[in-house]
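All remarks here apply to the structure that follows.
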Amino acid sequence: MLNQVSMSKIRILADRVANQIAAGEVVERPASVVKELLENSLDAGASRIELEFRNGGKSYIRVEDNGIGMSQDQALLSLERHATSKIREASDLNHVRSFGFRGEALPAIASVSRFTLRTRCKEEKEGSEILINGGKIVHVKECGMPLGTRIEVSHLFNSVPGRRKFLKTEITESTHLMHLAKLYALAHPHIHFTLLEGGRTIFKSPACNDLTERVSEIFGKGFAESLTHINAQENGLLLNGLVGTPGQSRPTRKELIFFVNQRPVDSKTLTYATIEAFHTFIPRGRFPPAILFLEIDPASLDINVHPSKKEIRFREEAKVRNFFLSTLLNRNRNFNLQASIKPNEVKLEVDSLSSKLVPQIDPKALEMYGLNQTMAPKAPIDSPEKDFDRLVWPSDEQPNTVITKKESDDDQLIPESFVSSQGAGLASWRLIDRMKGGLALFATAEGLVAMHGIAAHERVRFEELQDCLEGKVQCESQSLLLPENLQLDSVDSDCLIQNSTALQKIGFDVEEFGRNFFRINGCPSWLSPERSLVFIKDFLEISREQGSSLQTLDIVQEAMVRKFSFKSWESEGFSDQEMILLAKELLHCRNPYTCPKGRPTFFEIPIRDFEKKFQRKI
């Protein structure tokens, strides 16, 4: 009873105990230690940062930089709780741009480890060394030290064994630690980053001028080349970075990375906006690869939500979400496929006899057969897009003759076809063969393209349907042999009557046949007659769920994506010419990368992958 009374008295905790409690919030695992130390190095203006760890960071962590450093007095003060140089008043939180500002990290880390701090500023000739073990200062002395700061953390959580037993395996902790280091290296490509594990270099990336270079250094050249730049600005919001093309997706969110004011963050607002922008551009349940940077006024951002500052809160969340969503959605809809596919690198020239564009003859081949260059045209061109309005021929063959593009007929010149059969050497896509299940293989300048014929057919027909709804083209309709009867309630009846004009545009012939009773006399040519009734029911169901928030085009699109597929060609298959025509139509689509359900229509295997398999240049 006496013990209970004595335990109920309120007391002030000792600083050492308070720091260990704070460490439970700030230092969850070795990666948390690395995060705090890297942020201090960045705030110190470092241009070189080296990070080393052992045993997943449990036994040893070292972060060394060439920042401004500290004097001995400042170093000792930095180990006191709530000692910071970043803020003075509470209002400063609305304008803070530094990464660390609370002043809790260093004393919290020092209280649960063996902590060594070495530092020197430019005003001092010698550096200072401070050793702390479990929150107790062991010694403070001068040491030799270059300009900057070096912090070593060993035996993490040895003084708090209850926390240490909750750490994961070394592989798991190493994975978290390396991922975090890569995030900060991505956020600051202008800084030289080095990451070592037990003396072994994991990655070493010099300062880069471009984000793509840093991505290539960290994630590999293949991943960097699969991303394209994005840049947009609106109402004080600036978005830039790299994002995957439509059709590219990943099974997890690991490569969906966000930075807000250069700080890596976890944000549901940004994540869900990005996923929604890729709806129908990638399959359901998969995620787009993206490395996106958002610049925003610090006053519009609350970064003091989470103890480790991993989560943030936007003061105008709807504004940020709409900006993200509209920017990425417009980018996906307007993505230029032609710019992403390189044409064959074939030099062309005009044949002296037929006045047609043909591949340029190699001069060495002419020498081999005893011919000279004067017997060939003098005006080779790199590609058909070059200006060949004036092509001068040798005077001894056709004196004073100048062929111009205007003087020649259109059929005298062979334009480069984007898709063609196997024998056409100037096409960017050349059909190799048709395989099982409507799969077609095309040879390109960059490698091999595999196209799924049925998925491509669905995408082409789907965009034709969109054009019908927008009034750009007329959709063909087919009459049903036996009309389908449809009885509805008053709500669905009103919806069907309101959308009857739009349904008629896409090929449906729906007739009102009494109170809340309708008859389907015809359906679009792209729809199997037996599926017409199901499609109308799906259309009304989605319209009821969404209310007035969706337009007719959106409802039709959602109905197709959810429960509908186009007529299958699996039984009939495609001929070579049909496959070539289908590929041409696909490449002219607004979104050629995916079918209406978000699954890929084609993918490319680059030459680089074949070189890796054969272990030699091709």
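The values are calculated or read from the model by the stated rules, or taken from the named source; none is laboratory data. Please read all numbers here as calculations on a predicted model, not as lab measurements. Cβ coordinates were reconstructed from backbone atoms using ideal geometry, including for glycine residues, and neighbour counts include every protein chain displayed.
Things worth noting here:
- Each residue in the range 114-169 was checked for being of a type in the set (Ser, Thr, Tyr) and over 21 Å from Ile68 (Cβ atoms), and 3 of them qualify.
- Within the set Lys141, Lys182, Lys136, Lys165, the sole residue that is within 18 Å of Pro289 (Cα to Cα) and not aromatic (Phe, Trp, Tyr) turns out to be Lys182.
- Flag if Lys168 is over 25 Å from Ser47 (Cβ atoms), among the charged types (D, E, K, R) and in contact (Cβ under 8 Å) with a residue 12 or more places away in the chain: yes
- Out of Leu242, Leu238, sole residue that is crowded, with 16+ Cβ neighbours inside 10 Å and part of a strand (DSSP E or B): Leu242
- Residues of the range 474-487 that turn out to be among the aliphatic types (A, V, I, L, M), surrounded by fewer than 18 Cβ atoms within 10 Å (Cβ to Cβ) and in contact (Cβ under 8 Å) with a residue 12 or more places away in the chain, as a count: 2
- Given (1) under 22 Å from Lys584 (Cβ atoms); (2) in contact with a Ser or Thr (Cβ under 7 Å, 6 or more places away or on another chain); (3) at pLDDT below 80, number of the condition Arg459 does not satisfy: (3)
- Some residue of the range 211-221 being closer than 17 Å to Ser174 by Cα and of a type in the set (Asp, Glu): no
- When Val96 is tested against the conditions (1) at pLDDT 85 or above; (2) under 42 Å from the mean Cα position of the chain (by Cα), the lone failure is (1).
- Members of the range 401-448 that are surrounded by fewer than 21 Cβ atoms within 10 Å (Cβ to Cβ), at pLDDT 65 or above and of a type outside the set (D, E, K, R): Ile432, Met435, Gly437, Leu439, Leu441, Ala443, Thr444, Ala445, Gly447, Leu448
- Sole exception among (1) in contact with a strand residue (DSSP E or B) (Cβ under 6 Å, 6 or more places away or on another chain); (2) closer than 14 Å to Ser528 by Cα for Val510, by number: (2)
- Residue check, Glu173 assigned by TED's automatic domain parsing to the domain that holds Arg48, on the phi < 0 side of the Ramachandran plot and not in a helix (DSSP H, G or I): no
- Positions within the range 125-174 being closer than 18 Å to Leu51 by Cβ, touching an Asp or Glu at 6+ places or on another chain (Cβ under 9 Å) and of a type in the set (Val, Ile, Thr), in sequence order: Thr149, Ile151
- In the range 195-235, residue surrounded by the most Cβ atoms within 10 Å (Cβ to Cβ) [restricted to those that are basic (Lys, Arg) and not in a strand (DSSP E or B)]: Arg214
- Residues in the range 332-345 include at least one that is surrounded by 13 or more Cβ atoms within 10 Å (Cβ to Cβ) and at pLDDT 80 or above.
- Filter result (charged (D, E, K, R) and out of contact with any Lys or Arg (no Cβ under 9 Å at 6 or more places or on another chain)) within the range 284-300: Glu295, Asp297
- Screening Asn55 against (1) surrounded by 17 or more Cβ atoms within 10 Å (Cβ to Cβ); (2) modelled with pLDDT of 90 or more leaves a single unmet condition, (1).
- Scanning the range 132-155 for residues that are touching a Gly at 6+ places or on another chain (Cβ under 7 Å) and surrounded by 17 or more Cβ atoms within 10 Å (Cβ to Cβ) gives Met145, Gly148, Thr149.
- Filter result for Phe281 (modelled with pLDDT of 90 or more and either touching a strand residue (DSSP E or B) at 6+ places or on another chain (Cβ under 6 Å) or surrounded by 18 or more Cβ atoms within 10 Å (Cβ to Cβ) (or both)): no
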